[in-house]
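Structure, as structure tokens:
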């Protein structure tokens, strides 16, 4: 394999002392070009291994049949599963997807958006990075006039389609369940408050705690990046409290795993001394011992709905996009980490 | 957000009754265009929200600063980690990556290649789908004259750069370890024989078994898709044998997890009745009980080397690509599933 530069129309034009427009027409068998010139152009094109540029034609038509997908990271069962389902629906309609990941970084997310706009995608389906507060790059997508659909991590301020689960109600469900298990001092290791979904979970936690007349101590509510490592740190912090919690609800499964490890290293009985509930239903929650209770986020349905929403916009390009919010009911999967044996 | 078609140079040209070339020149402040025309063009461009097309300029220069990455699936710690490390190295050099997944399907892999070539990537780094036997689409990449680098799943016949671990030696390492644990009847649930890495693992298994004078029964060697579900099926099949194996080496961790579940459902003592070794060192192998012994594939180093190999080609475009094979030594992580307590 050689690494010579791709052959362009200009290369062929230079050799034959023709204009690039004439070369382009010759390659398309345009009747305005003589048979002799066509033959010469095709011969040189073949010698230089010229590959006709389908993208150029997409540029003219304003349609690439590509949809860009931006995820915070691919290394998460939730995001992988959403992407998989977006892809299945879009492939059936003749679209291919290209994936970029922000790695939770604002800068990388901006790069991803530029990259996708550069490749002339017909639309973008995205879930925002943890770091993202400035919405300028998302406004850039909107100003291009292509559909933008957000899922899981969205922003009300953008006024675009959004598909996700009811985070506020999920927190209520978790607190109800822990109260039923007899827990009286429930801590929450939450995500960043500036991220809408995590803020909704925090609001749900606070309101549910108040509803049940339980203590809402500020020391029981911690903000976390929700990595496994930070889950460890925040759980260690909770264990130093004068009065320890008897339950911890953690807004992400990886952080819940880190927290569980700390509890086990400290020989604390889970769930009887401290009950634990995670969020996301990552497959490992059913594999570890004890298994971890968690919230199923319906990734398959989120992916399908996001893709369908894109297709609806494409089907009705003249209809002004109506704000479309699809909020799914989440489901609590109760496992050993919060299922007290004394009750069963 | 409206969904009107993207504004093109042609739209502006039509309104002003100019040629698209003149509009393009006006937007680039070309001296051959009058100030009056420039002003008119810029006014209409602004009204129609025209976005200058950076891609068109990339097409002229033959360089997009994008690298395409094709993985069988993103939902695997190994592939995610390789992609992450490719990205870190390439970002530092001003390249962005776009990811496509084949979902182990040959057809999807062909679509991925077409999509990436369409977006004018400057190179492709890929790991082949399980189904892929026909190499025609990979030849298409080579004929474009852009660097192609394969990792993990490659093909000798393509004669391109390849980064991976020593699969043949890994099998030897596993069999040695199981022999040391006193195992005498070692089964192998392997991948598809037509895939080079799995074929190398199978060859390594056979040669190591022969070397130790152990039985090489055909009923002990099964071909599998290596999904969790197929791992279950193949383990069930091994349990029906007249003489059961006392160890099973499985060429993928997800299949090993399925196999472990079957052993536990049948109340078989792991490792004392049947020892188990997986492949890939997925994080869950350290989380389940018993923990699963596995092969670490050095995904970080594979990703970095793949990216560096691409950069080397870009730095020396005039040097004909020399076949570059980087084979890393794998590492066996011994965990509870193959560590017999009677020996310790």
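The values are calculated or read from the model by the stated rules, or taken from the named source; none is laboratory data. Bear in mind that the values here come from a model prediction, so they are computed numbers and not experimental data. All Cβ positions, even for glycine, are placed from backbone atoms using ideal geometry, and neighbour counts span all protein chains on display.
Would you check which residues across the range B:234-253 are surrounded by fewer than 18 Cβ atoms within 10 Å (Cβ to Cβ) and either in contact (Cβ under 8 Å) with a residue 12 or more places away in the chain or outside the structural domain of residue B:291 (by TED's automatic domain parsing) (or both) and list them? Before you say what the answer is, go through the steps one by one.
Within the range B:234-253, the subset surrounded by fewer than 18 Cβ atoms within 10 Å (Cβ to Cβ) is B:236-237, B:239-244.
Passing the criteria: B:236, B:237, B:239, B:241, B:243, B:244.
Here is a list: A:271, A:283. Which entry is more than 31 Å from the chain's Cα centre (by Cα) and in contact (Cβ under 8 Å) with a residue 12 or more places away in the chain? I'd like the intermediate steps shown before the answer.
On the way: A:283 fails: more than 31 Å from the chain's Cα centre (by Cα).
So the residue among A:271, A:283 that is more than 31 Å from the chain's Cα centre (by Cα) and in contact (Cβ under 8 Å) with a residue 12 or more places away in the chain is A:271.
Please give the strands (runs of 3 or more DSSP E) falling wholly within the range A:146-233 in which 1 or more residues are farther than 12 Å from residue A:251 by Cα and in contact with a strand residue (DSSP E or B) (Cβ under 8 Å, 6 or more places away or on another chain). Talk me through it step by step, then tell me what you get.
Working: elements: A:148-151, A:161-165, A:186-190, A:221-223.
So the answer is A:148-151, A:161-165, A:186-190.
Condition check ((1) surrounded by fewer than 18 Cβ atoms within 10 Å (Cβ to Cβ); (2) without any contact (Cβ under 8 Å) to a residue 60 or more places away in the chain; (3) closer than 20 Å to residue B:121 by Cα) across all residues:
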site: B:136; (1), (2), (3): yes, yes, yes
site: B:153; (1), (2), (3): no, no, no
site: B:163; (1), (2), (3): no, no, no
site: B:178; (1), (2), (3): no, no, no
site: B:182; (1), (2), (3): yes, no, no
site: B:203; (1), (2), (3): yes, yes, no
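Quick one: would you say residue B:186 is within 30 Å of residue B:132 (Cβ to Cβ) and crowded, with 23+ Cβ neighbours inside 10 Å?
yes
Which fully enclosed helices (runs of 4 or more DSSP H) of the range B:1-106 have 2 or more residues being more than 10 Å from chain A (Cβ to nearest Cβ), modelled with pLDDT of 85 or more and under 20 Å from residue A:63 (Cα atoms)? Walk me through it before giving the result.
On the way: elements: B:9-16, B:20-27, B:35-47, B:54-61, B:77-92.
Correct list: B:9-16.
Of all strands (runs of 3 or more DSSP E) completely enclosed by the range B:238-335, which ones contain at least 2 residues that are away from chain A (no Cβ under 14 Å) and at pLDDT below 95? Outline the logic, then answer.
On the way: elements: B:247-250, B:275-277, B:294-296, B:325-328, B:331-333.
It comes to B:325-328.
In the range B:118-131, which residues are assigned to a loop (DSSP other than H, G, I, E, B), more than 13 Å from chain A (Cβ to nearest Cβ) and touching a residue at least 60 places away in the same chain (Cβ under 8 Å)?
Residues of the range B:118-131 assigned to a loop (DSSP other than H, G, I, E, B): B:119-122, B:127-131.
With the extra rule that they be more than 13 Å from chain A (Cβ to nearest Cβ), the set shrinks to B:127-131.
Once the filter is applied, which keeps residues that are assigned to a loop (DSSP other than H, G, I, E, B), more than 13 Å from chain A (Cβ to nearest Cβ) and touching a residue at least 60 places away in the same chain (Cβ under 8 Å), the range B:118-131 yields B:128, B:130.
Looking only at the range B:107-116, how many residues end up being more than 16 Å from residue A:94 (Cβ to Cβ), within 10 Å of chain A (Cβ to nearest Cβ) and free of Cβ contacts under 8 Å to residues at least 40 places away in the same chain? Steps first, answer last, please.
Initially, the range B:107-116 is screened for residues more than 16 Å from residue A:94 (Cβ to Cβ), giving B:109, B:113, B:116.
Then keep just the ones that are within 10 Å of chain A (Cβ to nearest Cβ); that gives B:116.
Still in the list and also free of Cβ contacts under 8 Å to residues at least 40 places away in the same chain: none.
Matching residues across the range B:107-116 total 0.
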